[in-house]
Structure formats: structure tokens, C-alpha cells
Amino acid sequence: MTAGRNVGEFHVTAVSDGVLVNSNHNIIQGIDKAESERLTGVPYGQTLPLDVNAFLIRHRGKLILSDAGSGHTMGPTVGMLPQNLRAIGVPPESIDILLITHLHSDHSLGLVDEAGRAVFPKAELVLHQVEAEFWLDRVVQPGDSERVQKNSAAQRRVTAPYGGRMRRVNDGEVLPGIAARLAPGHTPGHTNWLIESGGDRLLLWGDIVHLASVQLARPDATLVFDVIPDMARATRQRVLEQAAAERLCVAGAHLPFPGFGHVARAPGGYSYAPAT
Ligand SMILES: [Zn+2]
């Protein structure tokens, strides 16, 4: 399953990692049960399936990949990024650069295989400095949630094989035509990548919206995975407003595959239209 689009000199292809099936309504915070059911169309207690998309960016012979997929530990319905890359003639071994939006399992555990080896053996791993400091450098605090402690350990493990090939970046251009934009809250260093070329733009927005059916209509709704929920909410509102005002094409890691679309203001929130 692929779908591609041109952004000036760039060509961006959505590549599926699969569908996560381990979430239910309990991950949503800030709206009541009835509204959660109404927005998702899924009865309480049932699974909320979630697409996991990665984006392959081709530019001047370079192969750049945004996010690394879920790997082999999150169930049989995800972890298909390597095989789906091979299916379009791009083996993981050929990827030159990895842009990681944030260090959460479904975006980064695919960095390594079952033996702990790098799945993308020649790729430079590009990560925001703030994200690297939070998950990889920071001493775990007694007040940290179990979720944060466990994830921190997992992220140190999966990024270790990339140690010598990791580039920590700050906001601004990180590759010709691609800029990092810190969009914090979901994780402290969650990063949007803005591609700009030939007057065209595409915003890879990671998990600005994790559950599209809920968080576009109700951007105030947060998730149990948000490390700093209030900040995640404020960032989502800011990015959605910018995307709507500027008619920016966005690419979402969990928007319905292939994940390209536009947002528009709607009463109380935003609406979403897949790109044509
Ligand atoms: Zn995610």
C-alpha cells in the first residue's frame, strides 16, 4: 500500500507500517463516553484501530524516511514497514536519513530487528535535541510515570546501534528544503518536519493528531500517551490553526492511510479532507 505526491523537487510516498489494534476508548481524556462513541463510531469497550504511516522522501538521489515503524514487539498487525519498503524497491538498507518525529514505540521500535541490529544500517538518525535529551540523556526521576520509565529504557536500546550516526538538531533547516519545527507536548521534543520546495509545502506532523476521528473535532481531547497533556493540547491547537489558515498540506503518522490531507476550521474544532 503506497501513495505518493510531489512537493516541488521532492517526492513523498506514504508507506504503511500496518494498523495498531491495541487501543480502546480508555486512551482518550477530556471528553465523555457518549461523545467518544459518537465521534469514533465505535462502541465503548471495542478496539479503536489506528493506521501507522511512515513517509519516504526522495530528493536528489537521497532516500529519507520519516519514522521507523513499530518493529516486531507490538503485535502481528504492525511492523510491516521493512517489507512494504522492499515491495516498492526501497530496501531498508538503502535509506540514507531517518527523520524521527518522536521517540514513541510505534515510531521508533522499528529501528532494530529481533536481534537488536539496526534495520537501517547506513542511515543517519536525525532527532530533535529536546527529544534526545528527554528520553536518552535524562536521569529517570522517581516521579516519572511507569510509562515514561519503560519508554525511556526502550528508546535507549533501539537508538544505541545508531549512536555514531545520530545527529541532534534544533529548529531550522536540517537538510536542504526540510526544517525541524518543535511541536512539544505529546512528547517533550515531538517534532514536525516542514518540506518546502518550488513554492510547495508539506508538513509531516507526526502525532499532532493521534486519533483523527476525535482530536480534529475536539482538539482539546488529550491521550494517556501525552507526556505533557496541556502542552500537547496547546500545540495541537496552534498547528491545526496554522494548517487551516495557510491551507497547508499535512502528512500524519496516524491519519487514515496514506495520511495526506488538509484541515479546515469547523464549529468547535476542525474538519479533515484527504488530499486528492
Ligand atoms: Zn504514534
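Each reported figure results from applying straightforward, stated rules to the coordinates on display, with no laboratory input. As the structure is a computational prediction, the values presented were derived from the model and not from experiment. With ideal geometry, Cβ positions are generated from the backbone for all residues, glycine too; neighbour counts draw on all protein chains shown.
Give the lysines reachable from residue 122 as a straight Cα distance under 26 Å; neighbours fewer than 8 places away on the same chain don't count.
62
Roughly speaking, what is the centre-to-centre gap between region 117-154 and region 250-276 when only Cα atoms are used, to the nearest Å?
Region 117-154 and region 250-276 have Cα centres separated by 29 Å.
In region 128-187, if the dipole is taken from +1 on Lys/Arg beta carbons and -1 on Asp/Glu beta carbons about the Cα centre, which of 130, 159, 187 is farthest to the positive end?
The residue sitting farthest along the positive end of the dipole is 159.
Multiplying the sequence separation of residue 77 and residue 122 by 0.36 nm and subtracting their Cα-Cα distance, what value in nm do you get?
13.5 nm
Given a Förster distance of 22 angstrom, what is the FRET efficiency for residue 276 paired with residue 21, based on the Cβ-Cβ distance and rounded to 0.05?
It comes to 0.20.
Note down the magnitude of the dipole of region 2-274 about its Cα centre, charges +1 on Lys and Arg C-beta and -1 on Asp and Glu C-beta and zero elsewhere, to the nearest 20 debye.
Using Cβ point charges on Lys, Arg, Asp and Glu, region 2-274 gives about 300 debye.
Arranged by the count of other C-beta atoms within 10 angstrom, fewest first, what order do 255, 39 take?
39, 255
Taking other Cβ within 10 Å of each residue's Cβ, how do 42, 112, 52 sort, fewest first?
So the ranking, lowest neighbour count to highest, is 42, 112, 52.
Rank the residues 187, 159, 73 as a footprinting-exposure proxy: fewest other Cβ atoms within 10 Å of their Cβ go first.
Final ranking by Cβ density, sparse to dense: 73, 159, 187.
Restricting to the chain, compute how many DSSP beta bridges are antiparallel as a %, nearest 5.
Approximately 75 percent, going by the DSSP bridge assignments.
In percent, how large is the relative contact order of the chain, given Cα pairs closer than 8 Å and 6 or more residues apart? Let's see the in-between values first.
Details: 622 pairs, mean separation 48.3, N = 276.
Relative contact order here is 17 percent.
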